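Here, each number is a calculation from the coordinates, and none is a lab measurement. As the structure is a computational prediction, the values presented were derived from the model and not from experiment. Cβ sites come from the backbone with ideal geometry, for glycine too, and all protein chains shown count toward neighbours.
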């Protein structure tokens, strides 16, 4: 595909929710991406303290959530890689598999991006792809100067996309399910049904 543009939205997706979908849709439209790949993480190194729901459940929920949106696809790249998951390795693998003229955008929230200097090889990461940054509830400012000083090239790769600030978090959803409260306005209907049928987060 010549001159195409692909967005990568990674995450534990434990579970995937309407906030993820709203961000992906907004970035896809504003950057005119040909597709957005939802990429469930294997074992993210920054979340090593919390037990994560088995990959097959997280993958199935993402597939259910994205099934009806034509420009949304699901990638199992990180689930297939053993050991800890690092964004730079994923982007290098994606870059190698794409046409050289394809623009690659890594979609990430301001909250996660604040930690970029702590990531593995962040300076290499910002050369491999553009960084499509989205504001998150409670995280509407980004220290671009500070990050660029720590990660040379960051500012050049950065594109800020205004997306809906839906105050939904996966941890809130898990807690609500554990407390027997409804989550119908937080996740797609098919995902809520899957959580109930598989007795997740109880």
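Would you mind calculating the relative contact order of the chain from Cα pairs under 8 angstrom and at least 6 residues apart, reporting the percent as a whole number?
On the way: 323 pairs, mean separation 52.0, N = 202.
Worked out over the chain, it gives 26 percent.
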State, to one decimal in nm, how far the label point of residue 169 lies from the label point of residue 71, with both points 7 Å from Cα in the Cβ direction.
3.0 nm
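How big is the range 139-184 by the Kirkwood estimate over distinct Cα pairs, in Å? Intermediate results must be reported in sequence, preceding the final value.
Details: mean 1/r = 0.0725 Å⁻¹.
The Cα-based Kirkwood calculation yields 13.8 Å.
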Can you work out the base-10 log of I(q)/I(0) for the range 20-117 at q = 0.10, 0.12, 0.14 1/Å, using the Debye formula on its C-alpha atoms alone?
-0.29, -0.43, -0.59
Three principal axis lengths of the range 63-102 [C-alpha, angstrom, descending]
30, 29, 12
Starting with the highest mean, order 152-158, 22-28 by the number of other Cβ atoms within 10 Å, averaged over the residues of each peptide.
22-28, 152-158
Expressed in µm² per second, the diffusion coefficient of the range 61-176 from the Stokes-Einstein equation, with Rh the Kirkwood radius over alpha carbon pairs, at 4 °C and 1.567 mPa s, is 81 µm²/s
For the Cα atoms of the chain, what angle does the longest principal axis make with the long axis of helix 87-97, in degrees from 0 to 90, nearest 10?
70 degrees
Which three numbers, in whole Å and largest first, are the semi-axes of the equivalent ellipsoid of the chain derived from its Cα gyration tensor as √(5λ)?
27, 18, 17
